[in-house]
Amino acid sequence: MAPNTHRKRATAAVVAAAGLLALGVGAPGATAAATPRIDLKVLVVDNGADQVAAITAELKNSGIPYTTVDLTDTGRPKIDAAFLSDTVNGAPRAKYQGVVLPNEAPFGPGSAEQTALETYERTFAVPQVDAYTWAHPEVGLDYTDQNGGWSGVLDGARTQITAAGTAGPFRYLDGPLTFEDNDPAVDESYGYAAHPKEGFTSYLDAPTGGTLLGQYAHDGRRELVVTFAYNQYQKQFKVLARGIVEWLTQGVHLGQSRNYFSVHVDDVFAPDARWDSGRNCTPGDIDCAGGDGDGEDTSTPIRMTADDAAYAAQWQTAHGFTLDMVFNAGAGEEWKSEHGGTDALTTRLLADRAKYRWVNHTYTHLFLGCVQDTTTVPWSCSKNADGTTKYMSRADVSAEISQNNSWASSHGLSTDRTELVTGEHSGLRTLPQQPDDNPNLAGALSANGVKWTGSDNSREPAQRSVGSALTVPRYPMNVYYNAGRAEEMADEYNWIYTSKADGGSGICENNATSTCMPAPLNTATGYADYIVPREARTALGHAIGNDPRPHYVHQSNLAEDRILYPVLDKVLADYRALYADNAPLQNPRQSAIGTELQRRTAWQTALAGGKVTAYRVGNTVTVTAPSGTQIPVTVPEGTKKQLLLGTTTFGTAYAGQRNDWTTPELLQSALKLNLPA
């Protein structure tokens with residue numbers, strides 16, 4: 001063995017022993033030092049780069065406390081030993097459990113701040129994420145012009161999680177990860193793939209060979225090195241974000257993250273009006289000139305058949321996924337009375353009632369806000385004699401809720417009466433016509449025991465109070481309520497998303513949130529070729545972003561061409577191709593989603609108010625928070641929760657770890673968890 005190699009390994013052993021001593025773990029023959037306290041908080045050093053912003057967004061979204069040092073702020077604190085650590089009751093305290101840097105040395109190699117940070121990491125075994133850097137020996141990699149390295153655009157690249165990745169922080173992933181390529185005319189991601197040197201373990205390999213993400217262990221420290229550019233909205237980051245955080249926190253942190261996908265099917269039992277490709281409006285609704293339909297509406301409304309209902313039940317079973325049937329029983333009764341007094345659809349749905357979740361959508365889908373004046377397009381709110389807005393009465397709103405509940409009870413439907421979705425989310429403020437909630441809505445909700453009422457996420461993305469109830473924002477899917485056939489869907493999509501010059505409405509030319517398509521879709525193929533992949537990508541992005549908000553569509557989308565299923569099929573297939581069985585897609589009902597959002601808000605309020613203290617000493621985690629506050633915690637398998645007498649297994653398993661919302665036990669002032677050795 002060469003002398004210099006022997007010396008290098010011996011030095012590394014000395015550094016490792018020093019790290020063990022710093023953590024209070026005795027090296028052979030050594031006297032253990034006081035076990036340090038590690039606060040469960042992350043330090044983020046921010047230079048304004050997208051990559052730092054992405055990791056920060058993941059920390060916030062997961063509910064992980066962090067402190068940001070803005071490098072562009074001339075008044076920022078200096079990174080020194082006092083900023084990073086101190087003592088508590090005579091024992092050393094590390095103020096941060098992990099460090100996020102824009103690159104490996106943002107303060108400059110050898111600078112006082114960089115040296116202080118590296119000494120801190122080495123002393124307390126605190127890991128560091130290099131949010132984005134290039135391939136070079138200082139981060140444990142060859143240059144890209146050595147040993148088959150490569151640099152360039154990664155759009156559409158098929159990368160692979162390595163065995164070390166799936167055995168470590170990325171244990172929740174299964175297969176290859178393909179980088180986004182949403183627009184062939186735009187370069188969306190750039191990276192450096194290089195050959196690892198000694199001490200580097202790759203977690204993500206590039207298709208050309210070399211690594212794009214991995215751990216570099218050296219000099220008694222560990223860095224997670226990322227050599228591709230990204231932002232918080234890209235699929236590749238969302239997929240990897242959980243693993244980056246678990247590596248950074250060593251799998252022990254406040255907050256939690258799961259993947260969610262719930263789909264509400266509105267208007268069940270009722271028919272939906274149909275898009276008119278000639279008039280570019282929906283004459284059975286109130287958006288055609290002439291108020292109630294620009295003359296007589298001769299189109300056939302869209303309504304599921306018994307065969308459609310049977311298919312829905314079979315699809316659910318085949319895909320292991322439950323739909324939420326958001327129903328209008330009174331509208332179904334009206335249909336039945338107008339069609340001979342029988343209804344095969346209702347009979348089929350009731351026969352399969354136990355296979356679905358059922359949500360009250362009001363009895364006849366009345367608009368429960370202001371009294372609408374539909375003599376003009378768009379409609380307006382009717383006025384009282386004194387000029388004030390005329391609203392639906394509390395009695396009428398309440399009757400719509402209670403009659404639907406009564407019908408459900410008499411027909412054996414199992415519902416959660418705390419849940420409600422009003423027709424068109426009516427009763428809630430509807431801009432621009434109705435800037436305020438119907439003042440009669442809150443009382444009607446309370447009288448009927450409603451705690452969770454659906455809202456439109458595109459209008460109101462934040463949860464808010466409506467009297468004693470809370471809203472549950474829902475994502476509208478671009479699978480339109482007035483389309484039962486793929487051609488209709490593509491035609492209406494063209495009208496909305498093409499310029500006037502191309503025969504469209506031109507709405508997209510004056511809308512800051514969308515852009516016009518370069519050309520209209522082929523109505524015969526446009527839905528399958530263009531709309532389905534785009535809508536599936538959007539829905540999957542929500543699902544893998546720790547976002548529990550449900551998506552909503554309409555019963556019309558399960559009828560005729562059954563246009564919803566290709567979107568759902570792709571979302572589920574793409575998810576299962578990426579994620580391991582230990583990270584199943586969560587499919588909660590509305591009340592559970594509302595509760596999750598409510599808890600998150602309370603948690604963020606407690607963090608922002610500095611009312612949470614959390615730390616780890618050895619294998620014990622202690623957390624204090626305001627009384628009654630639900631605390632989100634993520635820990636390794638094998639963690640036990642300390643009871644007044646004895647312990648119990650903590651949390652539920654997800655993505656190779658355990659997490660849950662929890663509180664201290666009876667007669668305890670703090671939450672205590674015992675980590676596995």
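Points to keep in mind about this one:
- Computed from Cα positions, the angle between helix 486-497 and the longest principal axis of the chain comes to roughly 70 degrees.
- For the chain, the longest principal axis of the C-alpha atoms and the axis of helix 306-319 are separated by about 10°.
- Sites Thr647 and Asp181, calculated FRET efficiency, Cβ-Cβ separation with R0 45 Å, nearest 0.05: 0.35
- Ser111-Thr538 pseudo-label distance in nm [points 7 Å out on the Cα-to-Cβ vector]: 4.3
- Nearest-ten-degree value, helix 50-62 long axis tilted from longest Cα axis of the chain: 70
- Residues Met392, Met325, arranged from fewest to most other Cβ atoms within 10 angstrom of their Cβ, appear as Met392, Met325.
- Sorted ascending by nearby beta carbons within 10 Å, beginning with the fewest, Tyr475, Tyr530 become Tyr530, Tyr475.
- Contour excess over end-to-end distance, with Cα ends at Ser505 and Ser406 and 0.36 nm allotted per residue: 31.3 nm
- When you restrict to C-alpha pairs under 8 Å that are six or more residues apart and normalise by the size of segment 598-674, the relative contact order lands at 30 percent.
- More than 20 angstrom apart: percent of Cα pairs within segment 411-509: 53
- Spherically averaged projected area of the chain from its Cα convex hull (nm²): 36.7
- Sequence-distant contacts, meaning Cα pairs under 8 Å at least 6 residues apart, place the relative contact order of the chain at 12 percent.
- Estimated inter-spin distance, Gln604 and Ala163, nm [label 7 Å along Cα→Cβ]: 4.3
- Segment 592-663 - Debye-derived log10 I(q)/I(0), Cα point model, q = 0.12, 0.13, 0.16 Å⁻¹: -0.36, -0.42, -0.64
- Sparse packing (at most 12 other Cβ atoms within 10 Å of the Cβ) combined with a DSSP loop state is found for the following trypsin sites (Lys or Arg not before Pro) in segment 28-112: Lys78.
- Fully extending the segment from Glu424 to Thr317 would add 35.6 nm, taking 0.36 nm per residue of separation and subtracting the current Cα-Cα distance.
- Each of Val239, Val571 was scored by other Cβ atoms within 10 Å of its Cβ. Listed from fewest to most, they are Val239, Val571.
- Ser458 versus Val153: modelled label distance in nm, points set 7 Å from Cα along the beta carbon direction: 3.1
- In terms of the mean number of neighbouring beta-carbon atoms within 10 Å, the peptides 47-56, 189-198 order highest first as 189-198, 47-56.
- Additional length obtainable on full extension of the chain from Ala573 to Ser591, 0.36 nm per residue less Cα span: 3.8 nm
- Placing R0 at 25 angstrom, the Cβ-Cβ distance between Leu666 and Val617 gives a FRET efficiency of 0.60 after rounding to 0.05.
- log₁₀ of I(q)/I(0) at q = 0.19, 0.23, 0.29 Å⁻¹ - segment 221-261, Debye sum with one point per alpha carbon: -0.68, -0.93, -1.16
- Taking one quarter of the surface of the convex hull spanned by the alpha-carbon atoms of segment 34-250 gives a direction-averaged projected area of 12.7 nm².
- 18 Å Cα-Cα reach of Lys611 towards aspartates and glutamates, excluding residues that sit fewer than 8 places from it in its own chain: Asp39
Bear in mind these aren't lab numbers, they're just calculated from the coordinates by the rules spelled out. In this text, all values refer to a predicted model and were calculated from it rather than measured experimentally. Cβ sites come from the backbone with ideal geometry, for glycine too, and all protein chains shown count toward neighbours.
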